[in-house]
Amino acid sequence: STPTHSLLHLPRPEDCLREAFRVLQPGGKLSFSVWDKPAEGEGFNLVQSALAEGDPDVKLPGGDGVLPFFHFADAVNSSEALRDAGFETCVTARLPLVARLAAVDDLFDMFATGTARTRAILEQQTSSQLAAIRAAMAAGVARHAAADGYEVPMPAVCVSSQRPADRDAV
């Protein structure tokens, strides 16, 4: 079972983990990936900084119980969620992914059309706020010029676990 970059888009991610535990055979493996907490200069840092040009406090779908975006990138949070679902181990690995972009506006376009949370935030901005966010993201991308465009670090975390051979579903 491998949900990729989708766990936080579920209304109750803990239900997904419990269901994965239930349907996995004893010894079966689960892994999921999430975006890593951004460091200075990385793609999500550029996005978060650019969102400050608009209204970053708009309400997300799902209400007040929505988990923070990088919740499962934290090994403690992932381990706790897996343990609560019945798993006993948690292994995390950082994946050094890179967004290879042809133009400075491509990162904005990627988030405006191909994501859930950031797209929801962008859709609630005024046109002048969107223009300011786009310009801030483009300026950040420009600092990552490469031979054939731009290479923006977008690290992720892969979390994996295994259902114990001798344990029933919780």
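Work out the length of the dipole vector of the range 16-147 about its Cα centre, built from +1 on the beta-carbon of each Lys and Arg and -1 on the beta-carbon of each Asp and Glu, and round it to the nearest 20 debye.
360 debye
Could you tell me, in Å, what Rg and Dmax come out for the Cα atoms of the range 46-170?
18.2, 58
Would you mind telling me the share, in percent, of accessible area of the range 5-71 contributed by carbon and sulfur at probe 1.4 angstrom?
Percent of accessible area from carbon and sulfur atoms in the range 5-71: 52.
Could you work out how far helix 75-85 tilts from the main Cα principal axis of the chain, as a 0 to 90 degree angle to the nearest 10?
40 degrees
How large is the accessible surface per residue of the range 97-170, computed with a 1.4 Å probe and reported in Å² as a whole number?
Value for the range 97-170: 51 Å² per residue.
Before anything else, pin down the relative contact order of the range 1-72: Cα pairs under 8 Å, at least 6 apart, normalised by residue count, whole percent.
38 percent
Considering only C-alpha atoms, what is the centroid distance from the range 130-151 to the range 32-51, in Å?
14 Å
What share of all Cα pairs of the range 2-43, in percent, falls into each consecutive 10 Å distance bin?
The calculated distribution, bin by bin, is 24, 43, 23, 9, 1.
Can you tell me the alpha carbon radius of gyration of the range 96-170 divided by the globular rule-of-thumb value 2.2 N^0.38 Å?
1.59
Report, largest value first, the span of the C-alpha coordinates of the range 42-98 along each principal axis, in whole Å.
Its Cα atoms span 43, 31, 14 Å along the three principal axes.
Report relative contact order for the chain in percent, whole number only (criteria: Cα-Cα under 8 Å, sequence separation at least 6).
With pairs under 8 Å counted, the relative contact order is 40 percent.
Taking R0 as 30 Å, what's the FRET efficiency between S31 and D166 from their Cβ-Cβ distance, rounded to 0.05?
0.90
Work out, step by step, the length gained on full extension between E123 and L60: first 0.36 nm times the residue separation, then minus their alpha carbon distance; give nm to one decimal.
In short, 21.6 nm is gained.
Per residue and in cubic angstrom, what volume does the convex hull of the Cα atoms of the range 131-170 have?
So the per-residue Cα hull volume is 136 Å³.
So for the range 1-74, taking the charge dipole from beta-carbon charges (+1 Lys/Arg, -1 Asp/Glu), which of V66, A50, P11 sits furthest toward the positive end?
It is P11.
Along each principal axis of its Cα atoms, how long is the range 1-117 end to end? Whole angstroms, biggest number first, please.
48, 32, 23
What size of dipole, in debye to the nearest 20, comes out for the range 98-157 about its Cα centre when the only charges are +1 on Lys and Arg C-beta atoms and -1 on Asp and Glu C-beta atoms?
About 180 debye.
The values are calculated or read from the model by the stated rules, or taken from the named source; none is laboratory data. This is a predicted model, so every value here is computed, not measured. Because the Cβ atoms are built from the backbone with ideal geometry, glycine has one as well, and the counts that use them run over all protein chains shown. Note: accessible area is taken over every heavy atom of the protein model, side chains too, but ligands, DNA and RNA are not part of it. Shrake-Rupley method; radii C 1.70, N 1.55, O 1.52, S 1.80 Å.
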